[in-house]
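Heads up: the structure comes next, in C-alpha coordinates.
The values are calculated or read from the model by the stated rules, or taken from the named source; none is laboratory data. Since the structure is predicted, the reported quantities are computational estimates derived from the model, not experimental observations. Ideal geometry is used to build each Cβ from the backbone, glycine not excepted, and the neighbour counts take in all protein chains shown. Quick note on the areas: whole protein, heavy atoms, side chains included, nothing else; ligands and nucleic acids left out. Shrake-Rupley method; radii C 1.70, N 1.55, O 1.52, S 1.80 Å.
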Amino acid sequence: MLDNYEHYISKNIQAFYKRKLLAPILYLLLLIILWFLFPLKDMMSPMVLSDPTQIYQSHEDEESYIRCTFTDLQFTGYTQEGQFQTNGYYYYTMIDDKCLIVLLTPSTCDEGIPGIKSATVTGKLMEGKSSFDQLLGHLAKDLDWTEEGISSQMGDFYFSEPDYHIHTTVIVMIAYLGTFAYALISLILYLIYIRFPATSPCCQNLIIFGSPKEILAEAEEELATLPQLATEDMFITEHYFIVTSPLGNAIVPIQEILWIYKHSTLHKFLWYHFSISYTLHITAKKHFYIRCPKNIKSDIDGIIDYLAEANHDILVGFSEKNRLQAQADLGKPFHIEKFAALLRKKV
(Lines give C-alpha, C1' and ligand atoms only; values in the text may rest on other atoms or scores of the structure.)
Protein backbone atom coordinates (compact mmCIF):
# COMPACT_ATOMS: atom_id res chain seq x y z
CA MET A 1 0.00 0.00 0.00
CA LEU A 2 1.06 3.58 -0.57
CA ASP A 3 1.59 5.03 2.91
CA ASN A 4 0.45 8.51 1.90
CA TYR A 5 -2.99 7.22 0.84
CA GLU A 6 -3.57 4.62 3.57
CA HIS A 7 -6.85 5.50 5.33
CA TYR A 8 -6.65 8.76 3.43
CA ILE A 9 -10.42 9.35 3.24
CA SER A 10 -10.98 8.67 6.94
CA LYS A 11 -8.10 10.96 7.88
CA ASN A 12 -9.56 13.77 5.78
CA ILE A 13 -13.01 13.27 7.28
CA GLN A 14 -11.48 13.47 10.76
CA ALA A 15 -9.47 16.57 9.84
CA PHE A 16 -12.58 18.22 8.38
CA TYR A 17 -14.60 17.79 11.58
CA LYS A 18 -11.68 18.71 13.82
CA ARG A 19 -11.65 22.09 12.08
CA LYS A 20 -15.39 22.42 12.65
CA LEU A 21 -15.06 21.79 16.41
CA LEU A 22 -13.87 25.32 17.11
CA ALA A 23 -17.14 27.08 16.21
CA PRO A 24 -19.50 25.17 18.58
CA ILE A 25 -16.92 25.21 21.39
CA LEU A 26 -16.50 28.99 21.19
CA TYR A 27 -20.25 29.52 20.89
CA LEU A 28 -21.00 27.34 23.92
CA LEU A 29 -18.38 29.24 25.94
CA LEU A 30 -19.99 32.52 24.85
CA LEU A 31 -23.44 31.33 25.93
CA ILE A 32 -22.10 30.18 29.31
CA ILE A 33 -20.50 33.58 29.86
CA LEU A 34 -23.73 35.35 28.87
CA TRP A 35 -25.67 33.16 31.33
CA PHE A 36 -23.63 34.58 34.20
CA LEU A 37 -23.40 38.15 32.86
CA PHE A 38 -27.14 38.56 32.26
CA PRO A 39 -29.94 37.44 34.61
CA LEU A 40 -31.52 35.11 32.05
CA LYS A 41 -32.64 32.60 34.67
CA ASP A 42 -34.13 35.30 36.89
CA MET A 43 -36.00 36.76 33.93
CA MET A 44 -37.71 33.45 33.25
CA SER A 45 -38.43 32.60 36.89
CA PRO A 46 -38.67 35.78 39.02
CA MET A 47 -38.40 35.40 42.77
CA VAL A 48 -41.84 35.25 44.39
CA LEU A 49 -42.10 37.33 47.59
CA SER A 50 -44.60 36.16 50.18
CA ASP A 51 -44.32 39.46 52.05
CA PRO A 52 -43.81 42.91 50.44
CA THR A 53 -41.31 43.81 53.17
CA GLN A 54 -38.91 41.29 51.60
CA ILE A 55 -38.45 43.64 48.67
CA TYR A 56 -35.78 45.61 50.51
CA GLN A 57 -33.78 42.46 51.21
CA SER A 58 -34.20 41.44 47.56
CA HIS A 59 -32.72 44.78 46.53
CA GLU A 60 -29.75 44.30 48.86
CA ASP A 61 -29.25 40.77 47.45
CA GLU A 62 -29.28 42.28 43.94
CA GLU A 63 -32.32 40.28 42.86
CA SER A 64 -33.55 42.08 39.74
CA TYR A 65 -36.83 40.34 38.90
CA ILE A 66 -39.51 39.62 41.50
CA ARG A 67 -43.22 38.87 41.79
CA CYS A 68 -45.03 40.50 44.66
CA THR A 69 -48.49 41.49 45.90
CA PHE A 70 -48.78 45.20 46.75
CA THR A 71 -51.68 46.64 48.75
CA ASP A 72 -53.17 50.11 49.10
CA LEU A 73 -51.54 51.59 46.00
CA GLN A 74 -52.17 55.31 45.46
CA PHE A 75 -51.72 57.12 42.14
CA THR A 76 -49.12 59.90 42.27
CA GLY A 77 -50.57 61.73 39.27
CA TYR A 78 -47.43 61.18 37.21
CA THR A 79 -46.79 58.88 34.27
CA GLN A 80 -43.83 57.56 32.34
CA GLU A 81 -44.14 58.57 28.71
CA GLY A 82 -42.70 56.65 25.78
CA GLN A 83 -42.18 57.84 22.23
CA PHE A 84 -45.78 57.41 21.14
CA GLN A 85 -47.62 56.16 24.23
CA THR A 86 -47.74 56.07 28.00
CA ASN A 87 -45.50 53.29 29.31
CA GLY A 88 -46.68 53.29 32.89
CA TYR A 89 -48.32 55.04 35.82
CA TYR A 90 -46.46 55.87 39.04
CA TYR A 91 -48.10 54.69 42.26
CA TYR A 92 -46.82 54.65 45.82
CA THR A 93 -47.44 52.32 48.74
CA MET A 94 -46.22 52.16 52.34
CA ILE A 95 -44.10 49.13 53.21
CA ASP A 96 -42.50 48.80 56.63
CA ASP A 97 -42.94 52.55 57.35
CA LYS A 98 -41.23 53.40 54.07
CA CYS A 99 -42.73 54.64 50.84
CA LEU A 100 -42.09 52.60 47.69
CA ILE A 101 -42.71 53.86 44.18
CA VAL A 102 -44.42 51.26 41.96
CA LEU A 103 -44.64 51.79 38.20
CA LEU A 104 -47.60 49.87 36.74
CA THR A 105 -48.56 49.16 33.15
CA PRO A 106 -51.72 50.85 31.81
CA SER A 107 -53.59 47.53 31.73
CA THR A 108 -52.83 46.72 35.37
CA CYS A 109 -54.01 50.06 36.74
CA ASP A 110 -56.81 50.69 34.21
CA GLU A 111 -54.84 53.66 32.92
CA GLY A 112 -54.37 55.41 36.21
CA ILE A 113 -57.28 54.80 38.59
CA PRO A 114 -56.80 56.74 41.88
CA GLY A 115 -56.35 53.76 44.17
CA ILE A 116 -55.78 50.02 43.96
CA LYS A 117 -56.48 47.82 46.99
CA SER A 118 -54.31 44.93 45.88
CA ALA A 119 -52.29 44.00 42.81
CA THR A 120 -50.05 41.01 42.21
CA VAL A 121 -47.49 41.93 39.55
CA THR A 122 -44.15 40.84 38.17
CA GLY A 123 -41.52 43.45 37.55
CA LYS A 124 -37.96 44.62 37.86
CA LEU A 125 -36.27 46.51 40.67
CA MET A 126 -34.85 49.63 39.04
CA GLU A 127 -32.21 51.97 40.37
CA GLY A 128 -33.33 55.58 40.50
CA LYS A 129 -32.06 57.66 37.58
CA SER A 130 -32.70 61.19 36.37
CA SER A 131 -36.39 60.56 35.57
CA PHE A 132 -36.87 59.03 39.04
CA ASP A 133 -35.16 62.02 40.65
CA GLN A 134 -37.44 64.35 38.70
CA LEU A 135 -40.46 62.40 39.95
CA LEU A 136 -39.28 62.75 43.56
CA GLY A 137 -38.75 66.45 42.98
CA HIS A 138 -42.32 66.89 41.75
CA LEU A 139 -43.69 64.83 44.64
CA ALA A 140 -41.69 66.91 47.13
CA LYS A 141 -43.28 70.09 45.78
CA ASP A 142 -46.75 68.53 45.89
CA LEU A 143 -46.28 67.44 49.50
CA ASP A 144 -44.35 70.60 50.48
CA TRP A 145 -41.32 68.49 51.43
CA THR A 146 -37.65 68.91 50.71
CA GLU A 147 -36.11 66.61 48.10
CA GLU A 148 -33.68 65.28 50.74
CA GLY A 149 -36.59 64.47 53.04
CA ILE A 150 -38.63 62.63 50.45
CA SER A 151 -35.53 60.76 49.20
CA SER A 152 -34.91 59.46 52.74
CA GLN A 153 -38.47 58.08 52.79
CA MET A 154 -38.52 56.71 49.24
CA GLY A 155 -35.12 55.06 48.98
CA ASP A 156 -33.01 54.90 45.83
CA PHE A 157 -34.94 52.27 43.84
CA TYR A 158 -38.44 51.57 42.59
CA PHE A 159 -40.46 48.65 41.25
CA SER A 160 -41.24 48.72 37.51
CA GLU A 161 -43.74 46.39 35.87
CA PRO A 162 -43.20 47.75 32.31
CA ASP A 163 -39.48 46.90 32.48
CA TYR A 164 -40.28 43.20 32.75
CA HIS A 165 -40.70 42.24 29.08
CA ILE A 166 -42.08 38.72 29.32
CA HIS A 167 -42.60 38.20 25.58
CA THR A 168 -39.10 39.40 24.73
CA THR A 169 -37.73 37.28 27.56
CA VAL A 170 -39.44 34.14 26.26
CA ILE A 171 -38.15 34.78 22.72
CA VAL A 172 -34.61 35.39 23.99
CA MET A 173 -34.71 32.26 26.16
CA ILE A 174 -36.03 30.10 23.31
CA ALA A 175 -33.27 31.41 21.05
CA TYR A 176 -30.69 30.89 23.80
CA LEU A 177 -31.72 27.33 24.62
CA GLY A 178 -32.31 26.45 20.97
CA THR A 179 -28.89 27.61 19.80
CA PHE A 180 -27.27 26.07 22.89
CA ALA A 181 -28.83 22.70 22.07
CA TYR A 182 -27.85 23.03 18.39
CA ALA A 183 -24.23 23.85 19.24
CA LEU A 184 -24.03 21.06 21.82
CA ILE A 185 -25.52 18.46 19.47
CA SER A 186 -23.19 19.63 16.69
CA LEU A 187 -20.20 19.27 19.01
CA ILE A 188 -21.23 15.75 20.04
CA LEU A 189 -21.83 14.71 16.41
CA TYR A 190 -18.48 16.11 15.28
CA LEU A 191 -16.73 14.10 17.99
CA ILE A 192 -18.58 10.97 16.87
CA TYR A 193 -17.61 11.58 13.23
CA ILE A 194 -13.98 12.04 14.28
CA ARG A 195 -14.01 8.80 16.24
CA PHE A 196 -16.05 6.85 13.67
CA PRO A 197 -15.62 8.39 10.17
CA ALA A 198 -18.08 5.90 8.63
CA THR A 199 -20.90 7.57 10.58
CA SER A 200 -20.25 10.98 8.99
CA PRO A 201 -22.83 12.38 6.53
CA CYS A 202 -20.56 11.96 3.49
CA CYS A 203 -20.50 8.20 4.19
CA GLN A 204 -24.06 7.78 5.43
CA ASN A 205 -25.31 9.43 2.23
CA LEU A 206 -24.06 6.29 0.45
CA ILE A 207 -26.70 4.12 2.12
CA ILE A 208 -28.78 4.46 -1.04
CA PHE A 209 -26.06 2.52 -2.89
CA GLY A 210 -25.23 -0.06 -0.22
CA SER A 211 -23.49 -0.34 3.14
CA PRO A 212 -21.69 2.97 3.90
CA LYS A 213 -19.06 1.20 6.00
CA GLU A 214 -18.29 -1.33 3.26
CA ILE A 215 -18.20 1.33 0.53
CA LEU A 216 -15.79 3.45 2.61
CA ALA A 217 -13.54 0.45 3.26
CA GLU A 218 -13.51 -0.53 -0.44
CA ALA A 219 -12.86 3.04 -1.60
CA GLU A 220 -9.98 3.42 0.86
CA GLU A 221 -8.52 0.09 -0.21
CA GLU A 222 -8.62 1.08 -3.87
CA LEU A 223 -7.20 4.54 -3.18
CA ALA A 224 -4.37 3.13 -1.07
CA THR A 225 -3.39 0.41 -3.57
CA LEU A 226 -3.78 1.91 -7.03
CA PRO A 227 -5.47 5.29 -7.64
CA GLN A 228 -6.29 5.74 -11.32
CA LEU A 229 -6.21 9.55 -11.32
CA ALA A 230 -5.29 12.04 -8.60
CA THR A 231 -5.49 15.83 -8.36
CA GLU A 232 -4.97 17.97 -5.27
CA ASP A 233 -8.24 16.89 -3.63
CA MET A 234 -10.08 14.71 -6.18
CA PHE A 235 -9.31 11.07 -6.94
CA ILE A 236 -10.58 8.32 -9.21
CA THR A 237 -10.13 4.66 -8.38
CA GLU A 238 -11.40 1.59 -10.19
CA HIS A 239 -14.95 1.98 -8.88
CA TYR A 240 -15.16 5.37 -7.13
CA PHE A 241 -14.85 9.09 -7.55
CA ILE A 242 -13.52 10.57 -4.27
CA VAL A 243 -13.35 14.15 -3.00
CA THR A 244 -11.25 15.16 0.03
CA SER A 245 -11.59 18.93 -0.11
CA PRO A 246 -11.23 21.33 2.85
CA LEU A 247 -14.86 22.22 2.03
CA GLY A 248 -16.05 18.64 2.50
CA ASN A 249 -15.65 15.00 1.52
CA ALA A 250 -17.59 12.76 -0.83
CA ILE A 251 -17.52 9.27 -2.36
CA VAL A 252 -19.51 8.42 -5.49
CA PRO A 253 -19.63 5.00 -7.22
CA ILE A 254 -18.66 5.66 -10.84
CA GLN A 255 -21.30 3.28 -12.22
CA GLU A 256 -24.03 5.30 -10.45
CA ILE A 257 -23.10 8.61 -12.13
CA LEU A 258 -25.60 9.94 -14.69
CA TRP A 259 -24.43 13.44 -15.59
CA ILE A 260 -21.30 15.56 -15.14
CA TYR A 261 -20.48 19.11 -16.17
CA LYS A 262 -18.40 22.08 -15.07
CA HIS A 263 -19.47 25.62 -14.26
CA SER A 264 -17.10 28.59 -14.27
CA THR A 265 -17.17 31.48 -11.79
CA LEU A 266 -15.48 34.80 -12.47
CA HIS A 267 -14.01 36.38 -9.32
CA LYS A 268 -13.62 40.13 -9.35
CA PHE A 269 -13.04 43.05 -7.03
CA LEU A 270 -14.78 46.23 -8.15
CA TRP A 271 -13.94 46.38 -11.88
CA TYR A 272 -10.84 44.18 -11.73
CA HIS A 273 -11.22 40.51 -12.76
CA PHE A 274 -8.51 38.57 -11.01
CA SER A 275 -9.37 34.85 -11.33
CA ILE A 276 -11.74 32.18 -12.61
CA SER A 277 -12.61 29.06 -10.64
CA TYR A 278 -14.51 26.00 -11.78
CA THR A 279 -17.14 23.89 -10.05
CA LEU A 280 -17.68 20.25 -10.94
CA HIS A 281 -21.33 19.16 -10.80
CA ILE A 282 -22.18 15.47 -10.58
CA THR A 283 -25.66 13.97 -10.69
CA ALA A 284 -25.92 10.30 -9.74
CA LYS A 285 -28.79 7.86 -9.55
CA LYS A 286 -31.40 8.08 -6.77
CA HIS A 287 -31.12 11.87 -6.69
CA PHE A 288 -27.56 11.96 -5.41
CA TYR A 289 -25.89 15.33 -6.14
CA ILE A 290 -22.31 16.46 -5.64
CA ARG A 291 -20.86 19.92 -6.16
CA CYS A 292 -17.08 20.41 -6.00
CA PRO A 293 -16.27 24.16 -6.06
CA LYS A 294 -13.04 26.16 -6.40
CA ASN A 295 -11.05 23.93 -8.74
CA ILE A 296 -8.81 24.69 -11.71
CA LYS A 297 -9.90 23.97 -15.28
CA SER A 298 -7.24 21.34 -16.05
CA ASP A 299 -8.19 19.25 -13.00
CA ILE A 300 -11.91 19.42 -13.80
CA ASP A 301 -11.35 18.54 -17.47
CA GLY A 302 -9.16 15.60 -16.51
CA ILE A 303 -11.76 14.25 -14.09
CA ILE A 304 -14.59 14.64 -16.60
CA ASP A 305 -12.64 12.91 -19.38
CA TYR A 306 -11.65 9.99 -17.17
CA LEU A 307 -15.15 9.49 -15.74
CA ALA A 308 -16.67 9.61 -19.23
CA GLU A 309 -14.20 6.94 -20.34
CA ALA A 310 -14.85 4.79 -17.28
CA ASN A 311 -18.63 4.93 -17.71
CA HIS A 312 -19.83 5.51 -21.28
CA ASP A 313 -23.41 6.06 -20.11
CA ILE A 314 -22.48 9.31 -18.35
CA LEU A 315 -23.92 12.46 -19.91
CA VAL A 316 -21.10 15.02 -20.31
CA GLY A 317 -21.52 18.79 -20.43
CA PHE A 318 -24.28 21.20 -19.52
CA SER A 319 -27.07 21.43 -22.06
CA GLU A 320 -30.84 21.40 -22.03
CA LYS A 321 -30.81 18.02 -23.75
CA ASN A 322 -28.59 16.49 -21.07
CA ARG A 323 -30.64 18.10 -18.29
CA LEU A 324 -33.87 16.65 -19.62
CA GLN A 325 -32.25 13.24 -20.16
CA ALA A 326 -30.86 13.20 -16.60
CA GLN A 327 -34.22 14.26 -15.24
CA ALA A 328 -35.92 11.47 -17.15
CA ASP A 329 -33.40 8.90 -15.92
CA LEU A 330 -33.83 10.03 -12.33
CA GLY A 331 -37.59 9.96 -12.43
CA LYS A 332 -39.87 12.01 -10.22
CA PRO A 333 -38.79 11.75 -6.57
CA PHE A 334 -41.06 11.29 -3.60
CA HIS A 335 -41.23 14.21 -1.17
CA ILE A 336 -38.91 12.46 1.30
CA GLU A 337 -36.43 11.86 -1.52
CA LYS A 338 -36.51 15.55 -2.41
CA PHE A 339 -35.66 16.44 1.18
CA ALA A 340 -32.88 13.85 1.37
CA ALA A 341 -31.45 15.05 -1.94
CA LEU A 342 -31.41 18.62 -0.66
CA LEU A 343 -29.40 17.55 2.40
CA ARG A 344 -26.92 15.67 0.21
CA LYS A 345 -26.53 18.32 -2.45
CA LYS A 346 -23.34 20.05 -1.29
CA VAL A 347 -19.97 18.43 -0.69
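For residue 27, work out the one condition from (1) of a type in the set (Ser, Thr, Tyr); (2) over 30 Å from residue 187 (Cα atoms); (3) open to solvent by 70 Å² or more (accessible area, probe 1.4 Å) it doesn't fulfil.
So residue 27 meets the others, but not (2).
Does at least one position in the stretch 24-38 carry a residue that is touching a strand residue (DSSP E or B) at 6+ places or on another chain (Cβ under 8 Å) and touching a residue at least 24 places away in the same chain (Cβ under 8 Å)? Can you show your working first?
Pass one, the stretch 24-38, residues touching a strand residue (DSSP E or B) at 6+ places or on another chain (Cβ under 8 Å): none.
No - not one qualifying residue is present in the stretch 24-38.
Find the helices (runs of 4 or more DSSP H) located wholly in the stretch 12-117 whose residues include 3 or more that are farther than 30 Å from residue 138 by Cβ and modelled with pLDDT under 85, and list them.
Details: elements: 22-37, 40-44, 54-60.
Those helices (runs of 4 or more DSSP H) span 40-44.
For the stretch 214-222, does any single residue satisfy the condition of being surrounded by 18 or more Cβ atoms within 10 Å (Cβ to Cβ), touching an Asp or Glu at 6+ places or on another chain (Cβ under 7 Å) and in a strand (DSSP E or B)? Reasoning before the result, please.
The initial filter retains those residues of the stretch 214-222 that are surrounded by 18 or more Cβ atoms within 10 Å (Cβ to Cβ), namely 215-216, 218-220, 222.
Next cut, touching an Asp or Glu at 6+ places or on another chain (Cβ under 7 Å) only: 222.
Then drop every residue that is not in a strand (DSSP E or B), which leaves none.
Among the residues of the stretch 214-222, not one is surrounded by 18 or more Cβ atoms within 10 Å (Cβ to Cβ), touching an Asp or Glu at 6+ places or on another chain (Cβ under 7 Å) and in a strand (DSSP E or B), which makes the answer no.
Within the stretch 122-140, can you find the residues that are in contact with a strand residue (DSSP E or B) (Cβ under 7 Å, 6 or more places away or on another chain) and either outside any helix (DSSP H, G or I) or at pLDDT 85 or above (or both)?
122, 123, 124, 125, 126, 127, 128
For the stretch 179-213, how many residues meet the condition of being open to solvent by less than 40 Å² (accessible area, probe 1.4 Å) and closer than 30 Å to residue 65 by Cα?
Residues meeting the conditions: 1.
Filter the stretch 1-11 for residues that are open to solvent by less than 100 Å² (accessible area, probe 1.4 Å), in a helix (DSSP H, G or I) and not polar (S, T, N, Q); which is farthest from residue 175 (Cα to Cα)?
Ranking the qualifying residues of the stretch 1-11, first place goes to 5.
Report the residue count in the stretch 282-329 for those that are of a type outside the set (Val, Ile, Thr), out of contact with any Pro (no Cβ under 6 Å at 6 or more places or on another chain) and over 20 Å from residue 244 (Cα atoms). Explain how you work it out, then say what you get.
Taking the stretch 282-329 and keeping what is of a type outside the set (Val, Ile, Thr), we get 284-289, 291-295, 297-299, 301-302, 305-313, 315, 317-329.
Narrowing the set further to residues that are out of contact with any Pro (no Cβ under 6 Å at 6 or more places or on another chain) leaves 284-286, 288-289, 291-295, 297-299, 301-302, 305-313, 315, 317-329.
Now restrict to residues that are over 20 Å from residue 244 (Cα atoms): 285-286, 308-313, 315, 317-329.
Counting residues in the stretch 282-329 that are of a type outside the set (Val, Ile, Thr), out of contact with any Pro (no Cβ under 6 Å at 6 or more places or on another chain) and over 20 Å from residue 244 (Cα atoms) gives 22.
Could you tell me which numbered condition residue 116 fails, if it satisfies all but one of (1) open to solvent by 70 Å² or more (accessible area, probe 1.4 Å); (2) out of contact with any Asp or Glu (no Cβ under 7 Å at 6 or more places or on another chain)?
(1)
Considering only the stretch 196-207, I want to know if a residue exists there that is out of contact with any Leu (no Cβ under 6 Å at 6 or more places or on another chain) and under 18 Å from residue 303 (Cα atoms). Show your work before the answer.
Just the residues of the stretch 196-207 that are out of contact with any Leu (no Cβ under 6 Å at 6 or more places or on another chain), to begin with: 196-197, 199-202, 204-207.
Subsequent filtering for residues that are under 18 Å from residue 303 (Cα atoms) retains none.
No: zero hits.
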